[in-house]
Amino acid sequence: MPSAGQITLVFVSIALFVVGGVISLWRLRRERAWQRAVARVCMWLGVLTSLIVLVWHALGRGSWLPLEDNFDALIWLAVVLAVFVMYVQRRRPIGGLDWFVMPIVILLLIGSAVTGLTDPHAYDVKTIWSWVHRATAYGGAAAFAVAGAAGAMYLIANHRLRRKVALASGPRLGSLERLEQLTLTSVTLGFALLTIGAITGFAEMIREDRATPKAKIVLTAAVWLIYALVLHSPINPSFRGRRAAMLSILGFVLMLGVIFAVLMMPTVGG
């Protein structure tokens, strides 16, 4: 059970990400170097605070193995997404990427705080199979979050081009080609991780003779099929562009359903 101090630090991290996001929104109207610097500092402080929570939580439970409960898993997922966005925006910036991914980071941290205030479900990660299942499943979710965000950005950018909407009406987004490339790259990584996660999870279910909620199985299969279609978009023109973007968003929404099903599982394992 996370301590009150750990929960407090989670809320501090949320506040830092929110402040960084607000400053990023504000500097769209008036670009200033100091605004960019302050926003970046707030984001990195949010990541640092989340890492402190993870270390504190690991010390409290006496284990350094990550993903041992859903409180820990949601924070790790938020940290991975936040670090990815800040890395991309520093190396090869994509306009608006932080706008679409950081809200997901904040929602994940809020979810971790809620689970921490109630009773976090412990996961059975005593075997390498179970830990690989957990790591690849959450890694796939992180990749699909990026794919969903890129898909949403693609639809908005495409709408602007079709309607000839002025760039001043909203954040500057990346080119359609780059957004499509980001979507396909994220889907490829997420699909591989999800496949590994599904295989290892199925193996664990058979080995332990343990029942898995039907909702989780059905949603996972639906996510897998949707992203399989997206992966075929380069060789199937009918699924390229807007359709691939919409499928990426739908797949991420269903992936959230999988995560929610895992959070609501009454038994250890997930």
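Only protein heavy atoms count here; on that basis, with a 1.4 Å probe, T115 has an accessible area of about 20 Å². Surface composition of the chain: carbon and sulfur atoms hold 70% of the protein heavy-atom accessible area at a 1.4 Å probe. Shape of region 64-151 from its Cα gyration tensor (a ≥ b ≥ c, root eigenvalues): rounded if a/c is under 1.5, otherwise prolate when a/b > b/c, or oblate? Note, shape of region 64-151 comes out prolate. Note on the chain: GNM, Cα springs under 10 Å; of I14, I199, I104, the largest mean-square fluctuation is that of I199. Positive end of the dipole of region 192-261 (Cβ unit charges, origin at the Cα centre): among I199, M255, V230, the Cα lying farthest that way belongs to V230. In this simple spin-label approximation, S175 and V253 carry label points 7 Å from Cα along the Cα→Cβ vector, and these lie 3.1 nm apart. When the surface is traced with a 1.4 Å probe over the full set of protein chains, F260 keeps roughly 120 Å² accessible.
Ranked by solvent-accessible area (1.4 Å probe, protein heavy atoms only, all chains present), the residues D98, D119 order from largest to smallest as D119, D98. Normalised by 2.2 N^0.38 Å, where N is the number of residues, the alpha-carbon radius of gyration of the chain equals 1.04. Remark: relative contact order (the chain) = 19 percent; criterion is Cα-Cα distance under 8 angstrom and separation of 6 or more residues. Taking 7 Å steps out from each Cα toward its Cβ at Q35 and T185 produces label points 2.8 nm apart.
Surface calculation, 1.4 Å probe, protein heavy atoms: H133 sits at approximately 20 Å² accessible.
Highest average first, the peptides 230-240, 66-76 ordered by how many other beta carbon atoms sit within 10 Å of their residues are 66-76, 230-240. When each of the peptides 217-228, 134-145 is scored by how many other beta carbons lie within 10 Å of its residues on average, the order from highest to lowest is 134-145, 217-228.
Could you calculate the contour length gain from M1 to R207, that is, 0.36 nm times the residue separation minus the distance between their Cα atoms, to one decimal place in nm? That works out to 71.3 nm of additional length. Adding -39500 (n - 2.57) for every DSSP H run of four residues or longer, then dividing by how many residues the chain holds, sets the calculated 222 nm ellipticity at -27000 deg cm²/dmol. Rolling a 1.4 angstrom probe over the protein heavy atoms with all chains in place gives the chain an accessible area of 51 Å² per residue. Separation of region 176-248 from region 72-115 is 20 Å, based on Cα centroids.
The values are calculated or read from the model by the stated rules, or taken from the named source; none is laboratory data. Nothing here was measured: the structure is a model prediction, and the numbers come from that model. We place every Cβ from the backbone using ideal geometry, glycine too, and count neighbours over all the protein chains shown. Areas reflect the complete protein model, heavy atoms only, side chains present, ligands, DNA and RNA absent. Shrake-Rupley method; radii C 1.70, N 1.55, O 1.52, S 1.80 Å.
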